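What follows draws every value from the coordinates through simple rules; no lab data is involved. Source: prediction; values computed, not measured. In this analysis, Cβ positions are derived from the backbone assuming ideal geometry, glycine residues included, and neighbour counts consider all displayed protein chains.
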Amino acid sequence: MAALKPKVRQGLVAVDIDGEAVVYDPEEALLHHLNPTAAVVFKLCDGSGTVRELSEDIAEVLGMPFDTVQRQVRRVVSQLKREGLLEGHSREIVEQIHRHSEHRHGDHNERLIETEEQTDGRSA
């Protein structure tokens, strides 16, 4: 089985702010705040590299151990999927899977991405 190459969904509007990112999803009327770690991974999710390749690139640039970086990249990609920000990952389906998993295993992950609903349909 070929390794998946995460790719950010089309139609999202992303803005960098002091090393972090704000991503607006007009389809869902949601605003996502990405911390610096999540922002870097989000920018690299262009469909050209696997999680392993992204991790190798980040580890090399930062001079950090590959295993440490790969664990963090996997967590970020998992949260990006859960938030419906990657292609092929419907937010509704991902939420159902996450609720089932959370019920069985508990949610022990630090939030790297915070989400707000935009009631007026406009980004902040």
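Assign one of three labels to segment 3-46, namely rounded, prolate or oblate, based on the Cα gyration tensor with a ≥ b ≥ c the square roots of its eigenvalues; rounded applies when a/c is under 1.5, prolate when it is not and a/b is larger than b/c, and oblate otherwise. Display every interim value, and only then the final one.
Details: a/c = 2.27, a/b = 1.07, b/c = 2.12.
The shape class here is oblate.
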Prolate/oblate/rounded label for segment 1-80 (Cα gyration tensor, a/c 1.5): oblate
Charge context of Gly47, other residues only, Cβ under 15 angstrom, K/R +1, D/E -1: +2
